[in-house]
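See structure below.
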């Protein structure tokens, strides 16, 4: 088998890259170790930056998103009972975010790829990149009891934090930057109307809470819990009682509760590897970086990586600009580290840290108060939340 770009991973980043490449006439094959149903079963983020919304439109997969997605002009900060509105649209010159679940993005991309007749191989095991430092890289894998080899020009590692792409790079090549947080997020998905028209980020002495949504009838709520907490210890009733305790009274009084349809605990970490490329293999999204979800940046950072890699490969294939290949990592990392900083800042400002002393807590409270009480401060929050601009590839 041969293709121009071999993509490892059929999550949203791999599918989006494949769709953009296909639209530009660049042949690609996606190799995925899980089944399509498993990929669609992942419950993930739901807030899309302006840049990702524009990229999905460019890829021709925005019809359902534009019809069903919820455009949000702002969000609420609930700070120990006090509510502050962050006017995203007003503070950023008209930019907004779109609430549209990652599962739906993936579903749309899968449908578009199937309609285009582009090839995705699911349930492929033992995927392994080879000869990444040469001009003839290839993948080997097993499927349906047979061994396969896929020759290609370039490899895109879109296979997530636990994927094989990053693990195939020699350990002495990558520099790892990591911070693990002493808490996780307990998330509940329920078929109940959202408590608020916009997302609510709540800081409370009992811990952080987030009121999010997937649609006008489906809500996603989160609570900060200790890192060693077990999801089995949280009944629905206990979850709703704790959420109400952390919300301002007006919101708590109108919270509609109901049975959970999904409940899980996600650990929080900040993680970056440098560089994001090794020869002709490029790491995309969670394969290269993880952010705590507080800033809604994980999926969006993957999209900006996709945009950068697509635009580089487009110029390689249409203009012969192979000199741009070595710029991928530096271009991506400039945006990655800014998003890491914002996600770390939001996490630090809104969560309770078990080892924080009274002085540190007062400093945190004062810093957050400074930002939300200043137009310049709210603008900084808004600009980062809607997403910093993508860097042009020249």
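The values are calculated or read from the model by the stated rules, or taken from the named source; none is laboratory data. Note that the structure is predicted; figures quoted are calculated from it, not measured. With ideal geometry, Cβ positions are generated from the backbone for all residues, glycine too; neighbour counts draw on all protein chains shown.
Do we find a residue being modelled with pLDDT of 95 or more, closer than 24 Å to residue 361 by Cβ and more than 24 Å from the chain's Cα centre (by Cα) anywhere in the stretch 266-288? The answer is no; no qualifying residue exists.
In the set 53, 39, 84, only one residue is touching a strand residue (DSSP E or B) at 6+ places or on another chain (Cβ under 7 Å), surrounded by 14 or more Cβ atoms within 10 Å (Cβ to Cβ) and assigned to a helix (DSSP H, G or I); that residue is 53. Within the stretch 162-179, identify whether any single residue is on the phi > 0 side of the Ramachandran plot, surrounded by 13 or more Cβ atoms within 10 Å (Cβ to Cβ), within 17 Å of the chain's Cα centre (by Cα) and not in a strand (DSSP E or B), and answer yes or no. Within the stretch 162-179 (the criterion being on the phi > 0 side of the Ramachandran plot, surrounded by 13 or more Cβ atoms within 10 Å (Cβ to Cβ), within 17 Å of the chain's Cα centre (by Cα) and not in a strand (DSSP E or B)), the answer is no, since none of the residues qualifies.
Within the stretch 319-333, being touching a helix residue (DSSP H, G or I) at 6+ places or on another chain (Cβ under 9 Å) and within 14 Å of residue 283 (Cβ to Cβ) holds for 325, 328, 331, 332.
Residues in the stretch 87-118 that are in contact (Cβ under 8 Å) with a residue 40 or more places away in the chain, more than 17 Å from residue 32 (Cβ to Cβ) and not in a helix (DSSP H, G or I): 87, 92, 95, 96, 97, 98, 99, 100, 101. Here the condition is being at pLDDT 95 or above, in contact with a strand residue (DSSP E or B) (Cβ under 8 Å, 6 or more places away or on another chain), in a strand (DSSP E or B) and within 30 Å of residue 388 (Cα to Cα); of 30, 26, it holds for 30 alone. The single residue among 307, 360 that is assigned to a helix (DSSP H, G or I) and either modelled with pLDDT of 95 or more or under 22 Å from residue 167 (Cβ atoms) (or both) turns out to be 307. Residue 140 meets all of the listed conditions (1) part of a loop (DSSP other than H, G, I, E, B); (2) in contact (Cβ under 8 Å) with a residue 12 or more places away in the chain but one, namely (1). Within the stretch 180-194, the set of residues being within 30 Å of residue 254 (Cα to Cα) and either touching a helix residue (DSSP H, G or I) at 6+ places or on another chain (Cβ under 9 Å) or assigned to a strand (DSSP E or B) (or both) comprises 183, 184, 185, 186, 187, 188, 189, 190.
Condition check: in contact (Cβ under 8 Å) with a residue 12 or more places away in the chain, surrounded by fewer than 20 Cβ atoms within 10 Å (Cβ to Cβ) and at positive phi. Does residue 23 satisfy that? It is false that residue 23 is in contact (Cβ under 8 Å) with a residue 12 or more places away in the chain, surrounded by fewer than 20 Cβ atoms within 10 Å (Cβ to Cβ) and at positive phi.
Just one of the listed residues (229, 205) is under 22 Å from residue 365 (Cβ atoms) and either assigned to a loop (DSSP other than H, G, I, E, B) or within 18 Å of the chain's Cα centre (by Cα) (or both), namely 205. Within the stretch 56-67, the residues that satisfy the criterion of being in contact with a strand residue (DSSP E or B) (Cβ under 9 Å, 6 or more places away or on another chain) and either surrounded by 14 or more Cβ atoms within 10 Å (Cβ to Cβ) or in a loop (DSSP other than H, G, I, E, B) (or both) are 56, 65. Filtering the stretch 119-137 to residues that are assigned to a strand (DSSP E or B) and touching a residue at least 60 places away in the same chain (Cβ under 8 Å) leaves 119, 120, 121, 125, 127, 129.
Close Cβ contacts (under 7 Å, 6 or more residues apart or on different chains) running from residues in the stretch 238-265 that are on the phi > 0 side of the Ramachandran plot and in a strand (DSSP E or B) to residues that are surrounded by 14 or more Cβ atoms within 10 Å (Cβ to Cβ) and modelled with pLDDT under 95 are absent. Annotation for the stretch 183-202: no member residue is touching a strand residue (DSSP E or B) at 6+ places or on another chain (Cβ under 9 Å), closer than 19 Å to residue 352 by Cα and surrounded by fewer than 20 Cβ atoms within 10 Å (Cβ to Cβ).
Comparison of 121, 70 shows that the only residue that is in contact with a strand residue (DSSP E or B) (Cβ under 8 Å, 6 or more places away or on another chain) and at pLDDT below 95 is 70. When the stretch 322-357 is filtered for residues that are assigned to a loop (DSSP other than H, G, I, E, B), surrounded by 12 or more Cβ atoms within 10 Å (Cβ to Cβ) and out of contact with any strand residue (DSSP E or B) (no Cβ under 9 Å at 6 or more places or on another chain), only 356 remains.
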